[in-house]
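Only the coordinates and a few stated rules stand behind these numbers; no lab work does. The shown structure was predicted, so the numbers you read here are calculated from the model rather than taken from an experiment. Here the Cβ positions follow ideal geometry from the backbone for every residue, glycine too, while neighbour counts run over all protein chains shown.
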Amino acid sequence: MFKNTIVKTPGESYINGLTTSDLGSPILEKALEQHEAYIKALKICGVEVMILPSNNEFPDSTFVEDTAVLTPNFAVISNPGALSRNGEIHEMEPAVKSFYEKIYYIKSPGTLDGGDILQIEDHFYIGLSARTNLEGAEQLKQILELEDYKATIIQLDKFFHLKTGIAYLGDQTVVVAGEFIDHPDFNTYSKIIVPPEEEYAANCIRVNDFVILPAGYPITKQRINEAGYQTIELDMTEFRKLDGGLSCLSLRF
Ligand code: CIR
């Protein structure tokens with residue numbers, strides 16, 4: 001069960017954030033509405049929401065997930081791989097410190113984005129991506145093993161972040177798309193397969209009694225419902241334009 005979450009309101013500079021997509025510029029007003037709906041959905045799931053104010057210096061800083069890895073007993077402040085995002089950790093650190101006494105740090109030349117980290121019970125999967133390098137991944141693996149967790153490093157092929165293509169719902173069940181459907185490291189889990197045309201829906205989040213998924217992906221929604229989960233759908237169009245998904249918008253712990 002999650003008790004707390006941290007989110008950060010998109011600022012006016014959000015429209016200038018990083019992207020690899022060709023979906024056009026986000027509309028700020030719509031992004032703000034979608035962000036408010038996201039906060040409401042988290043509250044429906046029964047968690048407290050700490051809302052950090054926007055900061056125009058960092059256009060991508062609403063994607064808070066990339067700045068930290070949080071577990072019940074300790075936090076790891078990441079070292080985001082995109083230069084324009086690296087300073088986001090300095091704003092996140094005091095917020096994380098208000099919840100945690102034990103804090104580790106990923107240090108340069110290691111880089112690591114929280115979007116590349118997936119926890120499945122006591123096992124963490126760490127994606128090697130354009131943002132997370134081997135040095136960063138190995139630093140996190142060492143920290144996790146010191147804390148009695150298991151950790152596996154996974155080379156990504158096409159996905160932007162690890163969690164762009166896989167989500168853990170609990171009950172040994174993962175939602176998987178693309179390169180993760182037949183990935184040997186995930187073969188021991190029950191799989192809900194996301195079809196290619198719905199790939200964006202692989203980034204969904206289980207928050208207590210609900211799975212939140214993006215609106216407009218009916219096959220994935222049906223498969224998640226059939227697996228026994230209640231769902232909440234949210235419009236995510238303005239975050240998708242900047243490669244962001246549901247997991248990216250919060251830290252959940
Ligand atoms: C970026 O390029 O960093 C942002 N536009 C998107 C970050 C998405 N974060 C995530 O998947 N955890």
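Quick notes on this one:
- Options Q230, L144, A167, ranked by Cα towards positive dipole end of the chain, top entry (Cβ charges): Q230
- Unit charges on C-beta of K, R, D, E only; dipole of region 4-252, Debye: 200 debye
- Packing here is the average count of other Cβ atoms within 10 Å per residue, and on that basis the peptides 162-169, 12-19, highest first, run 162-169, 12-19.
- Among residues other than E57 with Cβ under 12 Å from its Cβ, the summed charge is -3 (Lys and Arg +1, Asp and Glu -1).
- Sequence-distant aspartates and glutamates (8 or more away, or on other chains) whose Cα lies within less than 19 Å of K30: E12, D22, D60, E233, D235, E238, D243
- Pairs from the list K3/K221; K163/K241; K102/K141 with a Cα-Cα gap above 20 Å: K3/K221.
- DSSP-defined antiparallel bridges as percent of all bridges, region 4-252, nearest 5: 45 percent
- Taking a ≥ b ≥ c as the square roots of the Cα gyration tensor eigenvalues, region 156-253 comes out rounded, since a/c falls below 1.5.
- FRET E, pair E12, E135, Förster distance 41 Å, beta-carbon r, rounded to 0.05: 0.75
- Prolate/oblate/rounded label for region 1-113 (Cα gyration tensor, a/c 1.5): oblate
- Packing-based ranking, highest mean first, of 121-128, 190-197 given that Cβ atoms within 10 Å are counted: 121-128, 190-197
- Dipole of region 1-119, positive direction: furthest Cα of S13, A82, L112, with charges on the beta-carbon: L112
- N86-A227 FRET efficiency (beta carbon distance; Förster radius 41 Å; 0.05 resolution): 0.60
- In this calculation the C-beta distance from N208 to S25 is compared with R0 = 45 Å, giving a FRET efficiency of 0.85.
- Surface/4 of the Cα convex hull for the chain, nm²: 11.9 nm²
- Region 133-251, dipole about Cα centre (Lys/Arg Cβ +1, Asp/Glu Cβ -1), debye to the nearest 20: 180 debye
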